[in-house]
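Down below is the structure, laid out as structure tokens.
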Amino acid sequence: MKPSDYSLKRNWRGYLLVVPACIAIFLVSIYPMLYGISLAFQNYTLTKANSDDFRTFAGLKNFIEIFKQSDYIQACQNTLFWTLTNVIVQVVLAVLIALALNRKIKGRGFFRTTALIPWAVPSVIAALTFRFLYDVNVGIINAVLKKLGILADGISWLGNLETARWAVVIESIWKGTPFVMIFVLAALPSVPHEMYESARVDGAGGVKTFFKITLPMIKETLGIATILTTIGTINNFNAVWLMTQGGPRNSSNLLVYWIYETGYLHFNVGKAMAGGVVEMIELADRQFLLRNALN
């Protein structure tokens, strides 16, 4: 198409139709983001609203201070571990489950529907359910392990430094894997059967066929699912808030919960927004790296 095809004079009716959508996007997304970024460079602590420097320009003060806080550094490390573990395990499990459900097996529709249940369950319900399962007194996990003789006494899975982080990760993996599986299941039928037949004639095994044919053919779809999963995992506030609230001793604290805690519980909006800006940059950088890796 020529540049003249996009001219305002020629297409003013079309541009007029998208104006309401552009206004809505600006008010809901762009303006709040820009306003939040501006707060990151201000002395904005609600408990000091009467001070002379309230809402004055702070430069990089908030950014410098958060990187000096041990709880923020811990939240960054936890978020990196949380994201990598969740995304890698979810993608691998989703591919394996999708490959199994893509075969012509009896009751395939039933198994596909059952596999989607975790994704269909609201995140709040999922987190509260796992919190009950992990309960030291009445939790099913402790009851089963004690019944099998593996444990003598119940373990506080969400109150233990060594297990709390993993306990929340398991819940997130259970909840998020079906989302990636849907993408893989949708992409698998697009792989030509002739390619599989040719590989079979050449004597290629299942593993070689997957890496040489299946994976390259579904790479774009799997990449989109991975990027969306990464975004959702980093911003998974409900799991941490409802199950551990970042504890014990910040062992399961994530950046998204640290931002909430700093801004809404400690009323230091400037620092919270500085942490949000850093998280936004990290998220954009990870998406860029993922896109380059897939290309």
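The values are calculated or read from the model by the stated rules, or taken from the named source; none is laboratory data. This is a predicted model, so every value here is computed, not measured. Glycine gets a Cβ as well: all are built from the backbone with ideal geometry, and neighbour counts include every protein chain shown. Note: areas computed on protein heavy atoms with side chains; ligands, DNA, RNA excluded. Shrake-Rupley method; radii C 1.70, N 1.55, O 1.52, S 1.80 Å.
Sparsely packed loop sites in the range 29-68 (the trypsin sites (Lys or Arg not before Pro) outside DSSP H, G, I, E and B with at most 13 other Cβ atoms within 10 Å) comprise K68.
Taking all protein chains together and a 1.4 Å probe, the residues W157, W82, W241, W12 rank W12, W241, W157, W82 from largest to smallest accessible area. Solvent-accessible area assigned to carbon and sulfur over the chain amounts to 66 percent, based on a 1.4 Å probe. At what distance in angstrom do the alpha carbon centres of the range 112-184 and the range 203-246 lie from each other? If you average the Cα positions of each part, the centres end up 20 Å apart. Projected over all directions and averaged, the alpha-carbon convex hull of the range 218-284 occupies 5.3 nm².
Comparing N78, N102, N236 in a Gaussian network model of the chain, where Cα atoms under 10 Å apart are tied by springs, the biggest mean-square fluctuation is seen for N102.
Calculated mean residue ellipticity at 222 nm for the chain: -19500 deg cm²/dmol, from DSSP H runs with n ≥ 4 weighted as -39500 (n - 2.57), summed, divided by the residue count and rounded to 500.
Distances longer than 36 Å among the Cα atoms of the chain: what percent of all pairs is that? Kindly include the intermediate steps, with their values, before the conclusion.
Numbers: 15730 of 43365 pairs.
Percent of Cα pairs beyond 36 Å in the chain: 36.
Computed over the chain with a Gaussian network model linking Cα atoms closer than 10 Å, the most mobile of I37, I259, I150 is I150.
Within the chain, which complete DSSP H helices have Cα atoms spanning at least 27 Å along the helix axis and a mean Kyte-Doolittle hydropathy of 0.5 or higher? Kindly include the intermediate steps, with their values, before the conclusion.
On the way: long enough: 70-101 (45 Å, 1.37); 164-187 (35 Å, 1.32); 269-294 (37 Å, 0.56).
Flagged H segments are 70-101, 164-187, 269-294.
Pairs exceeding a 26 Å alpha-carbon distance, out of K175/K212; K104/K219; K175/K208; K175/K219: K175/K212; K175/K208.
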